[in-house]
């Protein structure tokens, strides 16, 4: 059983010092809006703070259809590291 709301967050590291505020966050449904699953991209420059809770709050303010209580949020984190195969 999934949680009521699921947000899959991707951090996009840009090769600029700061991401423009208007371009910082994008939210996309990845299926029916009724299933409560959305995909969010957070773009950050190399000097920007990657504060995920603050960026989620910004996304909720910008996207009222999210209807998420961030005080009740659970966070599951993972890091994907790609390495070339050994020859």
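Where a number appears in this text, it was derived from the coordinates with a stated rule and is not lab data. All of these numbers come straight from a predicted model, not from anything done at the bench. Cβ: placed from backbone, ideal geometry, glycine included. Neighbour counts: every protein chain shown.
Quick notes on this one:
- Average Cα contact separation per residue, the chain, under 8 Å, 6 or more apart, as relative contact order %: 28 percent
- Most to least packed among 50-56, 68-74, 13-19, 39-45 [average Cβ atoms within 10 Å]: 39-45, 50-56, 13-19, 68-74
- The chain: angle of helix 52-62 to the longest principal axis, Cα-based, in degrees nearest 10: 50 degrees
- The gain in end-to-end length when the residue 39 to residue 16 segment is fully stretched comes to 6.0 nm, 0.36 nm per residue minus the alpha carbon separation.
- Whether the chain is rounded, prolate or oblate, judged on the alpha carbon gyration tensor where a/c under 1.5 counts as rounded: oblate
- Per-residue [θ]222 nm for the chain (sum of -39500 (n - 2.57) over DSSP H runs n ≥ 4, rounded to 500): -4000 deg cm²/dmol
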